[in-house]
Amino acid sequence: MASMRKIIKIDDDLCNGCGKCAEGCPEGAIQMIDGKARLVSEIFCDGLGACIGDCPVNAITVEEREAQAYSEWKTMDNIVLKGANTIKAHLKHLLHHGETTYYNQALEYLKEKNIPVPVLIESGESFGSCPSMQERTMKKDNKNTVVNNNIPTELTTWPVQLKLVSPFAGYFKNADILIAADCTAFSYGNFHSRFMKDKVTLIMCPKLDNAYESYVDKLTEIFKNNDIKSITIVRMEVPCCGGSTKIIEDSLKKSGKNIILREYVVGIDGEIK
């Protein structure tokens, strides 16, 4: 069944036939045919565009158009035929792009087929290939000294975008988590010292991100797989921002965890309501 969704487009005139995109597509959506890269299966293309970075001539873009719906189950049918390394590459690909829903579907497939789940992160290996996704913990000297009128950051972990963070990041163990709507840090002047200090910071926009299900799935994994000590929600007073609270409450319910939850609402005048 066709529907509007994001999917890759290959410019036949620009493609030089190097094959790097096909090699970097574990899902098997791209194949080399007659010396050119071809999208051979809309069902297998997740539209995340990981192949774009593999193309040296910028022949691949992502467009939104009517296409067959992506099927994780059918994709796994294709992937398992290629062996454990391809399964591993696909699972990491999904987590790198925050596709927790597809990732969980892939795990269900492997469980049903009695196929071992590969170890995704080897010793000394970075989880993300892109700096925006690489797990980092910044050590603080706890002095927070103001130097040349520069107020030090209270950011202790990276990434902060909920779409980019791995639910298996080591810094989630025994952590206090701050989940903040994007606008709050720009609206409340004392945001760092009041809310971010000694917490793992995650940010999102419940209105513009349009990612309710994927956010619930990802937060469920974070809550379920880590001993989270507390959750602080900071959102704006505008009605659409109330979705932040619903996402977190639904995630907690789905995870089966009972975690201390605090909510703060920031007014558009920059004051705590």
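The values are calculated or read from the model by the stated rules, or taken from the named source; none is laboratory data. Because the structure is a prediction, the values reported are computed rather than measured. Here Cβ is always computed from backbone atoms with ideal geometry, including for glycine, and neighbour counts include all displayed protein chains.
Descriptive notes on the structure:
- Residues (at pLDDT 85 or above, loosely packed, with under 15 Cβ neighbours inside 10 Å and over 12 Å from residue 15 (Cα atoms)) located in region 43-60: none
- Selected residue [closer than 30 Å to residue 111 by Cα and not β-branched (Val, Ile, Thr)] from 17, 49: 49
- Residue within region 254-261 that is at pLDDT 95 or above and among the charged types (D, E, K, R) present: no
- Applying the criterion of being among the hydroxyl-bearing types (Ser, Thr, Tyr) and assigned to a helix (DSSP H, G or I) to the residues of region 162-218, the residue that is modelled with the lowest pLDDT is 214.
- From the options 125, 63, residue that is outside the structural domain of residue 221 (by TED's automatic domain parsing), at pLDDT below 75 and either crowded, with 16+ Cβ neighbours inside 10 Å or under 25 Å from residue 21 (Cα atoms) (or both): 125
- Number of the condition not met by residue 264 [criteria: (1) in contact with a Cys (Cβ under 9 Å, 6 or more places away or on another chain); (2) at pLDDT 95 or above; (3) not charged (D, E, K, R)]: (1)
- For region 227-273, the set of residues classified as buried (at least 16 other Cβ atoms within 10 Å of the Cβ) and polar (S, T, N, Q) consists of 232, 244, 245, 251, 255, listed by residue number.
- Residue list for region 66-80, filter: exposed (fewer than 12 other Cβ atoms within 10 Å of the Cβ) and in a loop (DSSP other than H, G, I, E, B): 69
- Put simply, of 257, 253 the only residue that is assigned to a helix (DSSP H, G or I) and not small (Gly, Ala, Ser) is 253.
- Scope region 164-213; condition basic (Lys, Arg) and surrounded by 19 or more Cβ atoms within 10 Å (Cβ to Cβ); matching residues: 199
- Subset of region 222-244 (residues that are more than 19 Å from the chain's Cα centre (by Cα) and in a helix (DSSP H, G or I)): 239, 240, 241, 242
- Residues of region 94-122 satisfying the condition of being part of a helix (DSSP H, G or I) and modelled with pLDDT under 75: 95, 96, 100
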